[in-house]
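Student: Provided herewith is a single structure, encoded as structure tokens, for subsequent inquiry.
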Amino acid sequence: VPVVAVVGRPNVGKSTLVNRIIGRRQAVVEDTPGVTRDRVPYDAQWIGRQFTVVDTGGWEPDAKDRAAAIAAQAEIAIGTADVVVFVVDAVVGSTDVDEAAVRMLRRSAKPVLLVANKVDNAALEVEATSLWSLGLGEPHPVSALHGRGSGDLLDAIIKAMPEAPPVSEPGVRGPRRVALVGRPNVGKSSLLNRVSREERAVVDSVAGTTVDPVDSLVEIGGQPWQFVDTAGLRKRVSQASGTEYYASLRTAGAIEAAEVAVVLLDAAEPISEQDQRILTMVIEAGRALVIAFNKWDLVDADRRYYLDKEIDRELKRIPWAIRVNISAKTGRAVEKLAPALRTALESWETRVPTGQLNQWLTALVQATPHPVRGGRAPRILFATQAGVAPPRFVLFTTGPLDAGYQRFVERKLREEFGFAGSPVEVSVRPRK
Ligand code: GDP
């Protein structure tokens, strides 16, 4: 998600403009001289484009080191934003402080849009034209308070943003795509046959969707699911038709094509390296994950004891995976599969509102700041969720984080927001 930073002297109307951009009124308080707001990010959108707008706050007008305060604000904007919006009070005109900030902004390669605010009527537009002198190009005359010119400004902001990644067709969504994977003989075909038999029937077509002939459409838990690349399973040719190499290519292809993977493990056998490779494929592909321990009918108290130890040891890296213990043979707990898939997909598509994310983050870094190394500690400025499926978060920081601290933040993120059944990616963008 692109980041737009709003910069300017106190009282030029930054907060009002931010409110105008995010389309609410109550969010931000107007600059109070002498009060420094901190950087606060908000979710915003315009003509279908999502972005994060960061109010870089004001600085105390009579701060001892005013130049340093301006520099800090400009630096945050330059370091974190894709687009910088520089706000000037058109009624006052440009000041030496504005010029100092502009000098810093111009040194960065980031696009800077100049906003002439408080242009409440056409007569005031003349004042705005004098701001050409700042050398930031054409001023955008706006009345943040009344909304005048804000549509044009938003158009310009969107235009200045980096290209949007292609968005998938919204609306029509077919059945969720599931990869049923696991090593040979773990019970994949048995499970597929079991669910196809138990549930009403194999669904042949769902309105508005086409299903690849190698896929199976199966209704389980009252909902159709598209099991990808299962033709081989049904015809029982998969074992015959391939070396392990081809089997693994096929598994990778199915995972790639799916949204969620059911990794079948044999509860009666030790968790093997091949099992681990399949789990890694799912995690690295960023797919939602349900682990199904099959052949549970063969698990007695003795085996249970060793299995628990194996799970602790072998699946320690994925405590977030959803687990179900089933038997394709007897039908045990097979009905738990659909709810597990639904939960995993829900986590996979979770979007945490930016405000909530940053409230949590602020409290976290206050309680447990980054350890000091060599007299300094990088600070996390704010975070945004850059995407879903799986959830991806970006931490904007003043410098690289210790790997240990980053893992700590990731762990806490899961503790707070859950994400059962979904990988979560956290990346760090240090300010340059
Ligand atoms: P695939 O290679 O993963 O498709 O595995 P299959 O479905 O062909 O199953 C391999 C063997 O395990 C067959 O003999 C099945 O009858 C047996 N099997 C599958 N599921 C279970 C189960 O839940 N319990 C037991 N005891 N045997 C099972």
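Student: Students often get this wrong, so check it: of Lys188/Lys336; Lys295/Lys329; Lys309/Lys412; Lys316/Lys336, which have C-alpha atoms separated by over 18 Å? Present the calculation step by step, with values, prior to reporting the outcome.
Tutor: Numbers: Lys188/Lys336 16 Å; Lys295/Lys329 7 Å; Lys309/Lys412 25 Å; Lys316/Lys336 23 Å.
In this structure, Lys309/Lys412; Lys316/Lys336 lie more than 18 Å apart at Cα.
Student: If packing is taken as the mean number of other Cβ atoms within 10 Å per residue, what is the order of 424-431, 222-229, highest first?
Tutor: Highest-to-lowest ranking by the protection proxy: 222-229, 424-431.
Student: Same structure, new question: Just report the Cα centroid separation between region 354-432 and region 180-198, whole Å.
Tutor: 39 Å
Student: To continue, here is another question. For Gln223 paired with Asp155, estimate the spin-label separation in nm (one decimal), with each label point 7 Å from Cα along the Cα-to-Cβ line.
Tutor: 4.2 nm
Student: Between Ala403 and Arg323, what length comes free when the chain is fully extended (0.36 nm per residue of separation minus the Cα-Cα distance, one decimal in nm)? Write down the numbers at each step before the final one.
Tutor: Details: separation 80, 0.36 × 80 = 28.80 nm, distance 2.84 nm.
Result: 26.0 nm gained on full extension.
Student: Based only on other Cβ atoms within 10 Å, what is the fewest-to-most ordering of Leu357, Leu249, Leu131?
Tutor: Details: Leu357 21, Leu249 12, Leu131 24.
Going from least to most buried by this count: Leu249, Leu357, Leu131.
Student: In nm, to one decimal, how far is the modelled label at Leu145 from the one at Gln50, with both set 7 Å along Cα→Cβ?
Tutor: Once both label points are built, they end up 3.5 nm from each other.
Student: Once amide H atoms are built 1.01 Å from N in the peptide plane, which residues 5 or more positions from Asp82, or in another chain, come under 5 Å H to H?
Tutor: Those lying under 5 Å, H to H, from Asp82 are Val3, Val4, Ala5.
Student: What does the extension gain come out to for Val214 and Ser133, with contour length at 0.36 nm per residue minus their alpha carbon separation?
Tutor: Stretched fully, the Val214-Ser133 segment lengthens by 22.6 nm.
Student: Here's a follow-up. Could you pull out every residue, at least 5 positions away or on a different chain, whose amide H is within less than 5 Å of the one on Leu265? Hs are placed 1.01 Å off N in the peptide plane, and Pro or chain starts have none.
Tutor: Ala292, Phe293, Asn294
Student: Only four residue types carry charge here, +1 at the Cβ of Lys and Arg and -1 at the Cβ of Asp and Glu. Report the dipole size of region 354-430 about the Cα centre in Debye, rounded to the nearest 20.
Tutor: On the way: 9 positive and 5 negative charges, 43 e Å.
For this selection, approximately 200 debye.
Student: Rounded to the nearest Å, what's the spacing between the alpha carbon centres of region 248-264 and region 86-155? Just the number, please.
Tutor: 52 Å
Student: OK, next. Give me the distance in nm between label points sitting 7 Å out from Cα along the Cα-to-Cβ direction at Arg103 and Asp308, one decimal.
Tutor: Going by the 7 Å Cα→Cβ label model, 7.0 nm.
Student: What's the extension gain from Val388 to Leu249 if we count 0.36 nm per residue and subtract their Cα-Cα distance?
Tutor: Gain on stretching Val388 to Leu249: 47.4 nm.
Student: 5 Å is the cut-off here: which amide hydrogens, built 1.01 Å from N in the peptide plane, fall below it relative to Phe382, excluding neighbours closer than 5 in sequence?
Tutor: Long-range HN contacts for Phe382: Phe396.
Read the figures in this text as sums done on the coordinates, not as results from a lab. All of these numbers come straight from a predicted model, not from anything done at the bench. As a convention, Cβ positions derive from the backbone with ideal geometry for all residues, glycine included, and neighbour counts pool all protein chains shown.
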